[in-house]
1. Considering only residues that are surrounded by 13 or more Cβ atoms within 10 Å (Cβ to Cβ), farther than 13 Å from residue 18 by Cα and under 16 Å from the mean Cα position of the chain (by Cα), which ones fall in the range 94-112?
2. Is there a residue in the range 21-34 that is part of a strand (DSSP E or B) and either in contact with a strand residue (DSSP E or B) (Cβ under 6 Å, 6 or more places away or on another chain) or modelled with pLDDT of 95 or more (or both)?
3. Out of curiosity, is residue 104 over 20 Å from residue 24 (Cβ atoms) and outside any helix (DSSP H, G or I)?
4. Which pairs have Cβ atoms under 6 Å, sit 6 or more apart or on different chains, and link a residue in the range 70-81 that is surrounded by 14 or more Cβ atoms within 10 Å (Cβ to Cβ) to one that is assigned to a helix (DSSP H, G or I)?
5. Of everything in the range 73-101, what is in a loop (DSSP other than H, G, I, E, B) and out of contact with any strand residue (DSSP E or B) (no Cβ under 6 Å at 6 or more places or on another chain)? Give them in sequence order.
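The values are calculated or read from the model by the stated rules, or taken from the named source; none is laboratory data. Treat the numbers as computed from the prediction; the structure is a model and nothing was measured. All Cβ positions, even for glycine, are placed from backbone atoms using ideal geometry, and neighbour counts span all protein chains on display.
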């Protein structure tokens, strides 16, 4: 039996986490670009269910992008293998100091 602090989502959801490092001094431009790219490009992808972007307080050039997908394949096949991915990378890619580290996660537990 699941603990009482776990509320199973109505649909299983995949969380993509991208650890992004940008070139110093480009924060404002990058933040505008990632919001524009996520809102206008990624948001149109099949299986997209929302995103969050956080900036590190200790390392201002480090960001964590969280994107919620219906399935792993919606990201890895439907989006990554589409022309939209090229469009997305054209918007945000110039800011990357190194390629982002990307992993996918499934929900195990959550608070109320």
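1. Scanning the range 94-112 gives 95, 107.
2. Taking the range 21-34 and keeping what is part of a strand (DSSP E or B), we get 21-22.
Then drop every residue that is not either in contact with a strand residue (DSSP E or B) (Cβ under 6 Å, 6 or more places away or on another chain) or modelled with pLDDT of 95 or more (or both), which leaves 21-22.
Yes, that holds for at least one residue.
3. Values: over 20 Å from residue 24 (Cβ atoms): yes; outside any helix (DSSP H, G or I): yes.
Criteria met by residue 104.
4. Sorted first by the residue in the range 70-81, then by its partner, the pairs are 79/85.
5. Residues of the range 73-101 that are in a loop (DSSP other than H, G, I, E, B), as a first pass: 80-82, 97-100.
80, 81, 82, 99 - these are the residues of the range 73-101 that are in a loop (DSSP other than H, G, I, E, B) and out of contact with any strand residue (DSSP E or B) (no Cβ under 6 Å at 6 or more places or on another chain).
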